[in-house]
Amino acid sequence: MIVILKPNTDRNSDEYRQLMNTLENLPNIKVRLHEEVGTQQTLTELYLVGDTAALTLEEIQNLPTVERVVRISQEYRVLGRHKDESRPTHFEYNGVRFGQDNLNVFAGLCAVDNPEHVEIMMRALQEHGQLCTRMGAYKPRTNPYSFQGHGKDCLPYVFELAGKYGIKVIAMEITHEQHIVEIQDALKSTGDPTGVLLQIGTRNTQNFELLKAVGRQKQFPVLIKRGFGITLEESLNAAEYLASEGNRNVIFALRGMKTNMGDPHRNFVDFSHVPVVKRLTRMPVCIDPSHSVGSREQAPDGLLDVMHVTAQGVIAGANMVLADFHPVPEKALVDGPQALLLKELPYFLEDIRIAREAYEKRVALAKDFHQKK
Ligand code: PEP
Ligand code: MN
């Protein structure tokens with residue numbers, strides 16, 4: 001059960017104390033507090049965990065400072081929808097809105113290789129009005145002898161160049177909690193020129209200690225990838241680990257599933273689950289067409305498979321696109337064969353715009369249909 005308190009409830013007030021006293025004395029029930037400090041107001045939610053079946057909504061609703069009470073299913077306590085349409089499905093970070101109702105594109109380097117390529121990429125993004133990018137510094141590789149990413153050494157120039165080209169948010173995978181500290185230090189030493197969206201890769205979706213550590217910090221929002229060999233439910237529970245530790249600014253990414261049924265794509269594209277994740281949870285949903293398809297193969301109609309699957313995800317309501325680009329893919333140290341070329345950036349963005357417009361028309365069509373019923 002979630003007890004939503006009136007905005008800006010003072011935790012030192014007598015009413016609040018009275019409420020907590022009542023809740024804490026309920027038999028077999030634990031109370032967990034979640035506070036969200038926004039620019040306008042502070043929202044406090046109390047999670048009642050345990051034997052809540054015996055409680056009625058009315059008795060809790062009538063307690064002091066309570067605005068609303070929502071009964072929740074067992075799953076995805078924090079991030080789930082629980083048939084409640086009024087809790088937020090968006091958040092803001094460094095001036096960028098992430099929500100189930102909008103779309104951000106994160107085109108960029110799978111792996112940072114040198115300052116020159118980072119600069120070429122970021123300049124192109126700025127020229128095309130982009131505020132976000134992806135830059136891999138810590139690369140989890142299948143082969144221990146493959147390039148593992150430049151790690152913390154590349155962070156200062158990546159962040160400085162982001163500032164120079166007006167990039168507000170960089171999606172960056174981390175594979176160890178120490179990387180959070182390295183990112184914090186590099187941001188500080190460069191004067192906070194940009195923001196970072198911490199990415200949990202598909203190989204770490206169920207690395208529960210990493211999830212807890214990332215969930216405990218609230219400075220950075222988190223992009224968690226679906227595990228490539230586990231059920232959707234297991235991956236959504238992994239996202240819930242982040243939120244249960246306190247960080248609910250979480251985006252969920254679909255990136256294809258490991259099975260040879262999807263051949264010749266690198267992974268079996270699972271973007272039909274975009275609306276499913278939006279129905280089950282309040283998280284914005286990202287699609288990663290690059291790691292799903294894994295090549296620059298092109299259909300007879302002239303469109304790359306990467307662009308086809310991107311459009312499929314966007315027309316189904318995806319909220320974020322994470323895509324590999326590289327100025328010279330033959331020289332990329334990781335995933336060159338799937339990278340789009342810089343000259344394809346405006347083409348890719350326009351194709352996404354068309355798909356998004358079609359999605360918005362479909363939503364209007366559905367609204368119209370439901371109003372007439
Ligand atoms: C990536 O985005 O660079 C990446 C390694 O993705 P995934 O974890 O989905 O394989
Ligand atoms: Mn990659």
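The values are calculated or read from the model by the stated rules, or taken from the named source; none is laboratory data. All values derive from a computational prediction rather than experimental measurement. As a convention, Cβ positions derive from the backbone with ideal geometry for all residues, glycine included, and neighbour counts pool all protein chains shown.
Determine, yes or no, whether Val78 is surrounded by 12 or more Cβ atoms within 10 Å (Cβ to Cβ), in contact (Cβ under 8 Å) with a residue 40 or more places away in the chain, in contact with a strand residue (DSSP E or B) (Cβ under 8 Å, 6 or more places away or on another chain) and closer than 25 Å to Cys286 by Cα. Judged against the criteria, Val78 is a match. Screening the candidates Val269, Val276, Val250, Val285 for the property of being within 16 Å of ligand 2 (Cβ to nearest atom) and at pLDDT 95 or above yields one hit, Val269. Of the residues making up the range 248-270, just one is surrounded by fewer than 24 Cβ atoms within 10 Å (Cβ to Cβ) and aromatic (Phe, Trp, Tyr), namely Phe268.
Would you confirm, using the coordinates I've provided, whether Arg226 is modelled with pLDDT of 95 or more, in contact with a His (Cβ under 6 Å, 6 or more places away or on another chain) and crowded, with 23+ Cβ neighbours inside 10 Å? No: the conditions fail for Arg226. Within the range 271-289, identify whether any single residue is closer than 21 Å to Glu360 by Cα, in the same structural domain as Ala107 (by TED's automatic domain parsing), out of contact with any Phe, Trp or Tyr (no Cβ under 7 Å at 6 or more places or on another chain) and among the aromatic types (Phe, Trp, Tyr), and answer yes or no. Yes: the range 271-289 contains one or more residues that are closer than 21 Å to Glu360 by Cα, in the same structural domain as Ala107 (by TED's automatic domain parsing), out of contact with any Phe, Trp or Tyr (no Cβ under 7 Å at 6 or more places or on another chain) and among the aromatic types (Phe, Trp, Tyr). Across the range 19-38, the number of residues qualifying as touching a residue at least 24 places away in the same chain (Cβ under 8 Å) and either over 20 Å from Gln61 (Cβ atoms) or exposed (fewer than 10 other Cβ atoms within 10 Å of the Cβ) (or both) comes to 2. Filtering the range 289-308 to residues that are crowded, with 21+ Cβ neighbours inside 10 Å and either touching a Pro at 6+ places or on another chain (Cβ under 7 Å) or within 21 Å of Cys132 (Cα to Cα) (or both) leaves Pro289, Ser290, His291, Ser292, Val306, Met307.
When the strands (runs of 3 or more DSSP E) confined to the range 28-87 are screened for residues that are in contact with a Leu (Cβ under 9 Å, 6 or more places away or on another chain) and at positive phi, those reaching at least 1 such residues are found at 42-50.
Can you name the residue in the range 129-144 that is away from ligand 1 (no atom under 16 Å from the Cβ) and surrounded by 15 or more Cβ atoms within 10 Å (Cβ to Cβ) and, of all such residues, is farthest from Ile170 (Cα to Cα)?
In this case the residue turns out to be Gln130.
Would you say Ala162 is in the same structural domain as Leu109 (by TED's automatic domain parsing), more than 15 Å from ligand 2 (Cβ to nearest atom) and buried (at least 20 other Cβ atoms within 10 Å of the Cβ)? Even if it seems obvious, please write down each step before you answer.
Numbers: in the same structural domain as Leu109 (by TED's automatic domain parsing): yes; more than 15 Å from ligand 2 (Cβ to nearest atom): yes; buried (at least 20 other Cβ atoms within 10 Å of the Cβ): yes.
Answer is yes for this residue.
Annotation note: of Tyr165, Tyr76, Tyr138, the sole residue that is more than 22 Å from the chain's Cα centre (by Cα) and of a type outside the set (Val, Ile, Thr) is Tyr165. Within the range 49-67, residues that are more than 16 Å from Asn25 (Cα to Cα) reach partners that are charged (D, E, K, R) with beta carbons closer than 7 Å, at six or more positions or on different chains, in the pairs Leu57/Arg71; Thr65/Lys6; Thr65/Glu15; Glu67/Lys6. Taken together, the criteria exclude Glu177 from residues that are more than 21 Å from the chain's Cα centre (by Cα), in the same structural domain as Pro115 (by TED's automatic domain parsing) and either crowded, with 16+ Cβ neighbours inside 10 Å or away from ligand 2 (no atom under 16 Å from the Cβ) (or both).
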